[in-house]
């Protein structure tokens with residue numbers, strides 16, 4: 001056996017010595033070829049591996065092995081690679097934080113905490129025992145076990161495509177992920193200090209208060225600072241992105257100042273700032289695009305450069321370590337998922353989906369093992385074993401989720417009821433949203449609302465600009481201005497990866513142009529801007545918005561934003577008994593909740609009723625979702641709005657269309673009164689005609 005290993009080792013060394021001199025005289029040092037080689041790897045490796053049904057992350061790691069110093073020696077793991085890899089590591093943890101919501105713990109909190117502790121404790125216990133049997137030190141065994149405990153929701157897109165995101169099992173997995181990853185990162189911080197000999201009483205006396213203050217300052221201070229910044233500079237897209245990156249680096253460096261790992265700060269920064277960035281917004285798309293296509297691949301390639309394939313041949317123990325790590329990772333996560341499933345009485349499909357989601361090891365595992373290797377707490381055998389574990393779990397996770405999620409998707413969610421509006425009694429269509437634009441600087445929020453609704457339903461944005469034909473006097477300058485406005489709207493749609501069909505039109509009236517375009521382009525939603533009031537002349541002769549509302553056959557959103565939409569914290573839908581009984585109420589509620597969800601804002605219903613009227617959650621066979629927050633407002637609603645709503649709130653009103661009396665706005669007196677008395681409050685007035693209900 002020993003002779004066989006020696007033969008294989010000599011063969012590998014011969015291949016390396018034969019290929020390297022014949023092709024390369026040494027590592028590439030010229031910056032342009034180095035960067036070109038890395039970009040080529042980023043392009044080719046994921047495409048090849050995804051073609052053979054393997055995750056692209058595996059391809060990047062293996063490519064790093066091949067071109068690194070332990071492979072063909074094409075690239076050297078120098079300071080530049082380390083620098084960009086470190087930024088990629090922080091970006092990786094930051095984006096993991098962006099995908100984590102503290103709101104996930106509000107529903108089924110006890111179950112999420114139970115699963116989170118189970119999926120942390122079981123891998124820790126089994127991992128420590130297994131690594132101790134392999135003669136690892138206590139600290140090394142604890143750190144490697146913490147890698148088993150953490151996990152990456154690599155298969156979450158699979159669950160999303162199968163329509164499982166609202167299921168109880170997936171919701172609990174999301175909440176449990178937050179708990180186990182935070183605990184694993186804290187274990188990493190403590191083990192690193194213990195290895196460096198700094199785990200003293202003074203460390204604990206300093207760590208606990210400073211960590212508590214640091215966490216509070218990050219989760220409370222970053223959103224406050226972010227809202228202020230977005231209010232002041234919300235129209236500068238470059239400044240927004242730079243602010244986000246600067247926040248990531250400042251919070252990460254602050255973590256280092258209190259003697260914990262910067263990756264913990266990056267993770268907390270993502271959790272803190274995610275509430276300010278709508279999931280489908282152009283800013284979120286830019287963050288994910290830059291991170292996933294540039295910085296994170298740098299990190300994955302740099303990790304691959306740490307792996308030495310020759311160790312597998314030179315040291316047979318490496319195969320044992322890899323086998324133990326893969327086995328423990330799979331068994332521990334299965335025990336945690338199946339135990340939770342038995343406790344919560346899930347069916348087999350739900351249990352296996354939870355196992356599939358929680359078994360993948362990637363982000364936190366790579367982060368922890370990289371830090372451990374840099375401080376020489378673990379050796380290259382452990383790095384190789386970690387890569388093997390990542391390879392196996394990253395392949396197994398999407399397959400298990402897909403296999404069992406297909407049978408689970410046909411079952412009703414435990415949180416849904418047959419006529420629960422939140423469950424989709426009014427399923428969003430593929431919206432074709434018409435948005436009249438005239439000035440992109442003042443109507444940025446208008447486009448953002450339309451983009452969020454269009455992208456969330458895989459719909460289409462139709463920006464429209466109308467030039468008025470006054471005896472044919474349309475100047476070339478006006479046409480140029482029209483093209484510029486539509487190009488700006490089209491650019492915003494492309495930044496959000498949303499289908500867009502810009503329309504430039506010459507018509508004799510704004511309202512006629514909007515209505516004709518909506519009919520010609522088959523738009524099923526119109527989003528318009530509103531100054532917050534109507535003149536008497538508008539009411540008497542009919543302004544553009546009034547005429548559109550009177551004649552449209554599709555829903556119309558009339559919006560007035562006084563702050564950047566991304567700073568919205570709460571969304572309130574104000575209704576009365578008439579609205580609740582209206583056929584359009586289901587669609588109204590569905591659209592309102594969809595908008596609040598995309599803005600990552602809380603949602604509540606304000607039911608406006610007289611002092612003597614009694615409110616019922618059930619009316620005309622319609623059941624409001626059990627988790628819906630409903631506040632009853634008696635007496636003067638305008639006074640309630642003035643005293644309870646703040647500038648970062650969004651109030652949604654229903655249009656009380658009046659088509660009979662001249663001199664009155666079609667939106668109703670109440671909407672204009674609230675807008676006039678609350679100039680700093682953002683408003684949206686929804687009009688849903690009976691023909692579209």
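Here are the numbers for the structure shown:
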{"quantity": "Relative contact order %, region 428-529, counting alpha carbon pairs below 8 Å whose residues are six or more apart", "calculated": "39 percent"}
{"quantity": "Residues residue 110 and residue 636, FRET efficiency given R0 of 51 Å [Cβ-Cβ distance, rounded to 0.05]", "calculated": "0.80"}
{"quantity": "Nearest-0.05 FRET efficiency for residue 294 and residue 512, computed from C-beta distance (R0 51 Å)", "calculated": "0.60"}
{"quantity": "Sequence of 317, 550 once ranked by neighbouring C-beta atoms within 10 Å, starting from the fewest", "calculated": "317, 550"}
{"quantity": "Residue 680-residue 331 pseudo-label distance in nm [points 7 Å out on the Cα-to-Cβ vector]", "calculated": "6.1 nm"}
{"quantity": "Relative contact order of region 2-408, defined on C-alpha pairs under 8 angstrom at six or more residues apart (%)", "calculated": "28 percent"}
{"quantity": "Cα gyration tensor, region 2-408 - rounded (a/c under 1.5), prolate or oblate", "calculated": "rounded"}
{"quantity": "FRET efficiency, residue 438 to residue 121 (Cβ-Cβ, R0 45 Å, nearest 0.05)", "calculated": "0.15"}
{"quantity": "Simple label model, 7 Å out from Cα along Cβ direction - residue 403 to residue 132, nm", "calculated": "3.3 nm"}
{"quantity": "Fewest-first sequence of 325, 305 by Cβ atoms within 10 Å of each Cβ", "calculated": "305, 325"}
{"quantity": "Residue 225 paired with residue 249, simple spin-label distance in nm, labels 7 Å along Cα-to-beta-carbon", "calculated": "1.4 nm"}
{"quantity": "Sorted by Cβ neighbour density within 10 Å, fewest at the top, the residues 146, 483, 318", "calculated": "483, 318, 146"}
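Any read-out appearing in this document is the output of simple, stated calculations on the displayed coordinates, not a laboratory observation. This one's a predicted model, so the numbers in the text were calculated from it and none came from an experiment. Cβ coordinates were reconstructed from backbone atoms using ideal geometry, including for glycine residues, and neighbour counts include every protein chain displayed.
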